[in-house]
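The values are calculated or read from the model by the stated rules, or taken from the named source; none is laboratory data. No experiment lies behind these values; they were computed from the predicted model shown. Virtual Cβ from ideal backbone geometry, glycine too; neighbours counted across all protein chains shown.
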Amino acid sequence: MAGCSPVIECLATGSLVAVVESICIREMQQHVDADSEVVVGRTIELEHKGPIPPGSTLKLRGWVERLGERSAKFRVQASDDHELVCDGCVILVVAPRTSMESRIAEKVVALGTKSDVDLVEDVHGMRVSLDSVSRLEPQIP
């Protein structure tokens, strides 16, 4: 795109979210029946407080802030060797595996009926509808 600045080399916020969520899921999965249940993310609130350059060691610290019968709220903080770079919480829920598999299968079938003409692939390999992107309007303060 013309006028865009080049991307800087650091861990992107989306990647940081994926790292934090996957570690919380891994911890919670130890306490569910993997044959009949699946752990899924419900809410993620993270503040990305500082850049994380390539080669940095990321130290994640977390604890369960609230535990429900079918959910857990994790409080998380991530630091590199210099500062706190992430602070927030992740709420995960336990869902029936068959229910989630059915919902995903329904969406896969529905996606199979759409034309690929208006879909583009983003940098992570996700397919995004141009129609939904074209409706985005710049936010001017």
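On the given criteria, is V38 modelled with pLDDT of 95 or more, of a type in the set (V, I, T) and either surrounded by 15 or more Cβ atoms within 10 Å (Cβ to Cβ) or in contact with a helix residue (DSSP H, G or I) (Cβ under 8 Å, 6 or more places away or on another chain) (or both)? So V38 fits the description; yes. When E47 is tested against the conditions (1) outside any helix (DSSP H, G or I); (2) under 27 Å from S102 (Cβ atoms); (3) within 14 Å of the chain's Cα centre (by Cα), the lone failure is (2).
Here is a yes/no grid of residues against (1) of a type in the set (A, V, I, L, M, F, W, C); (2) within 17 Å of the chain's Cα centre (by Cα); (3) outside any strand (DSSP E or B); (4) over 28 Å from R103 (Cα atoms):
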site	(1), (2), (3), (4)
V7	yes, no, yes, yes
R26	no, yes, yes, no
P51	no, no, yes, yes
T57	no, no, yes, yes
V93	yes, yes, no, no
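Looking across segment 61-89, the residues that are surrounded by 14 or more Cβ atoms within 10 Å (Cβ to Cβ) and basic (K, R) come down to K73, R75.
Would you check if there is a residue in segment 22-32 being hydrophobic (A, V, I, L, M, F, W, C), out of contact with any strand residue (DSSP E or B) (no Cβ under 7 Å at 6 or more places or on another chain) and touching a residue at least 40 places away in the same chain (Cβ under 8 Å)? For segment 22-32, residues hydrophobic (A, V, I, L, M, F, W, C), out of contact with any strand residue (DSSP E or B) (no Cβ under 7 Å at 6 or more places or on another chain) and touching a residue at least 40 places away in the same chain (Cβ under 8 Å): absent. A110: farther than 19 Å from I25 by Cβ, outside any strand (DSSP E or B) and at pLDDT 90 or above, yes or no? The answer is no for A110.
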